[in-house]
């Protein structure tokens, strides 16, 4: 069984993206951000569920910005711009990505 906590790692220069699991159209990715880092706004063809995993930060979906702490979830529909930020301290986000059916 994959343990996302065991995969947490940080880089002072850039956010770290760690693949956790993949099966069919489902993918789990752990994002590890140092204070001041962010994953800029982008859109995907998939549905994305961003879960604040450790620490506190900001999760953005469309025009909504949520101050998130461990356990908080934000649902991002396909093609909606989304982002994540760690304004004050280390912040990890577990993203569940579900690709659209062909």
### Task
Kindly indicate whether any position in the range 21-28 is part of a strand (DSSP E or B) and out of contact with any strand residue (DSSP E or B) (no Cβ under 8 Å at 6 or more places or on another chain).
yes
### Subset of the range 16-43 that is within 14 Å of the chain's Cα centre (by Cα) and touching a residue at least 60 places away in the same chain (Cβ under 8 Å) - its residue that is farthest from residue 96 (Cα to Cα)
33
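When you look at residue 66, is it over 13 Å from residue 31 (Cβ atoms), touching a strand residue (DSSP E or B) at 6+ places or on another chain (Cβ under 6 Å) and outside any loop (DSSP other than H, G, I, E, B), yes or no? Write out each step before concluding.
Details: over 13 Å from residue 31 (Cβ atoms): yes; touching a strand residue (DSSP E or B) at 6+ places or on another chain (Cβ under 6 Å): yes; outside any loop (DSSP other than H, G, I, E, B): yes.
Taking the combined requirement at face value, the residue satisfies it.
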### Message
Which of the numbered conditions does residue 88 fail, given that it passes all the others? Conditions: (1) farther than 25 Å from residue 100 by Cα; (2) exposed (fewer than 13 other Cβ atoms within 10 Å of the Cβ); (3) modelled with pLDDT of 95 or more.
### Response
(3)
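The values are calculated or read from the model by the stated rules, or taken from the named source; none is laboratory data. Treat the numbers as computed from the prediction; the structure is a model and nothing was measured. Methodologically, a virtual Cβ is constructed for each residue, glycine included, from the backbone with ideal geometry; neighbour enumeration extends over all protein chains shown.
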